[in-house]
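Structure first, then comments.
The values are calculated or read from the model by the stated rules, or taken from the named source; none is laboratory data. Note that this is a predicted model, so its numbers are computed, not measured. Cβ coordinates were reconstructed from backbone atoms using ideal geometry, including for glycine residues, and neighbour counts include every protein chain displayed. Surface accessibility is based on the protein's heavy atoms, side chains included, excluding ligands, DNA and RNA. Shrake-Rupley method; radii C 1.70, N 1.55, O 1.52, S 1.80 Å.
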Amino acid sequence: MPLTRYGRSPWVDRFPTSRIPSHPRQRGHIDTGVVIVGGGLTGCTTAYAFAAAGIKVVLLEADRIGRGSTGSAAGLMADEPGVPFMDVEKARGRRSARRAWQAWRRAALDFATLLRRLDVKCDLNPATAVTVAVTPEQVARLKRDQKARREAGLDAPLLNARAVTNELALAALAPGGGIRSKDGATLDPYRACLGLAAEAGKRGAQLFERSPVKKITFSRKAVVVQTAAGALRAEQVVVATGMPTSLFRSLARHFWFRRTYLALTERVPAKVRQQLGRRSAVIRDTAEPPHLVRWVNDAQLLMMGADLESPPERRRDKFIVQRTGQLMYELSTFYPDISGLLPEYGWDAAYARTADGLPYIGPHRNFPRHLFAFGDASHSVTGAYLASRILLRHYLDELGPADEPFGFTRNVR
């Protein structure tokens, strides 16, 4: 009987140690076009995008590439931002909300195409996602959201209770209906990150690990990024750390800082797997906070949820153990047949959320020569690709209307 590995992500833990790429620490003085701070999936995808466009780029990672929030992600590539459409429509207006949904769907399709074209080995598989509602209140809210999407001209197929139950084998949950989205995928986020870092390197990007940024200063002509052993002078710095670091405390007021929790079961017996619906489907519910359920390697179930405000670091391990047990119980309410299975892994992932649920991507008026990618609370890797394209368009001064919903200027307080 395997012991649960707490505080460890299966994506990172299972990757062969001998194949982990190693990059040097940054030392000395470097002149470059762009410095990217953060070596997660957003940073590496952005490094690839800039390098592929012929821009001289340097990436700085404080620890190891892909081992932060990327290595702790659920491995979902969603074709929508993970928040109710009608909430964004209420906050931003129909046109802006529609543009955000259309941009997210296009990013999901383009990201999958890019990974396949580059032949990045990351277990990328198409996946249909179904957002399910259970209680009468959830069903009514889901139907209102579906109506709002349809009125905005977005595709939002509504499934009745019988279709959801039959397709996903959720009889025990007694769902009242669902909305299907068909252009998503699942993948191993750590392998995707390493693959894109390698492709960025092939195109001339310089990658440095164990090189935390100590200070950033800017003038009218340049920005200087200082590490412990050197300095980089550039036209622009891209801060792709997912949330404001200590260097940008003044921006923290735009976000809520939270953690989500993840549990991966031991292998589900083959006889049980046959009774649990389509294994290519991803399930999201409309609870608060929501849950996400997906299959990993066609043999294990991963559940994410039980989000809460980020606890003190000294209590983090305790919360991981407690939340892993909670998620396993909640998973058994979806699929009673898995009762008795143990979690093989239990871990957490930090994220920041904005007021309207959409990430902030682009400049902030108080930080000239900076571009930011903060506040992606979708629990999906799609935002990494979307950010890389918007950031590149900012740098090239080629912004379009589809980029407007993600700017800081929509809600600068």
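Things worth noting here:
- Just one of the numbered conditions (1) in contact (Cβ under 8 Å) with a residue 12 or more places away in the chain; (2) among the aromatic types (Phe, Trp, Tyr); (3) loosely packed, with under 15 Cβ neighbours inside 10 Å is not true of Phe319: (3).
- For the residues Thr128, Thr17, Thr32, Thr70, the requirement of being in contact with a Lys or Arg (Cβ under 6 Å, 6 or more places away or on another chain), open to solvent by 10 Å² or more (accessible area, probe 1.4 Å) and closer than 30 Å to Arg279 by Cβ singles out Thr128.
- Scanning segment 361-413 for residues that are touching a residue at least 40 places away in the same chain (Cβ under 8 Å), of a type in the set (A, V, I, L, M), assigned to a loop (DSSP other than H, G, I, E, B) and surrounded by fewer than 18 Cβ atoms within 10 Å (Cβ to Cβ) yields one hit, Val412.
- Segment 81-93, residues that are open to solvent by 20 Å² or more (accessible area, probe 1.4 Å), farther than 20 Å from Leu302 by Cα and in contact (Cβ under 8 Å) with a residue 60 or more places away in the chain: Pro84, Met86, Asp87, Glu89, Ala91, Arg92
Rundown of residues vs (1) without any contact (Cβ under 8 Å) to a residue 12 or more places away in the chain; (2) not hydrophobic (A, V, I, L, M, F, W, C), yes/no style:
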residue	(1), (2)
Ala100	no, no
Glu137	yes, yes
Arg150	yes, yes
Gly153	no, yes
Arg162	yes, yes
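- Restricting segment 1-14 to residues that are among the hydroxyl-bearing types (Ser, Thr, Tyr) and out of contact with any Pro (no Cβ under 8 Å at 6 or more places or on another chain) leaves a set whose member that is most open to solvent (accessible area, probe 1.4 Å) is Tyr6.
- Within segment 149-259, strands (runs of 3 or more DSSP E) holding 2 or more residues that are of a type outside the set (A, V, I, L, M): 177-186, 206-208, 213-218, 223-227, 230-234, 236-242
- Number of the exception - Ala355 against (1) within 22 Å of Thr260 (Cα to Cα); (2) buried (at least 23 other Cβ atoms within 10 Å of the Cβ): (2)
- Counted residues, segment 254-299 - those being surrounded by 19 or more Cβ atoms within 10 Å (Cβ to Cβ) and at positive phi: 1
- Enumeration of residues in segment 94-125 that are open to solvent by 20 Å² or more (accessible area, probe 1.4 Å), polar (S, T, N, Q) and farther than 30 Å from Arg19 by Cα: Gln102
- Here the condition is being at pLDDT 95 or above and among the aliphatic types (A, V, I, L, M); of Ala355, Ala349, it holds for Ala349 alone.
- Flag for Met77 being of a type in the set (A, V, I, L, M) and touching a Leu at 6+ places or on another chain (Cβ under 7 Å): yes
- Scope segment 132-172; condition open to solvent by 30 Å² or more (accessible area, probe 1.4 Å), under 26 Å from the mean Cα position of the chain (by Cα) and either closer than 30 Å to Leu41 by Cα or among the polar types (S, T, N, Q) (or both); matching residues: Gln138, Asp155
- Number of positions in segment 260-289 that are in a loop (DSSP other than H, G, I, E, B) and either at pLDDT below 95 or of a type in the set (Phe, Trp, Tyr) (or both): 11
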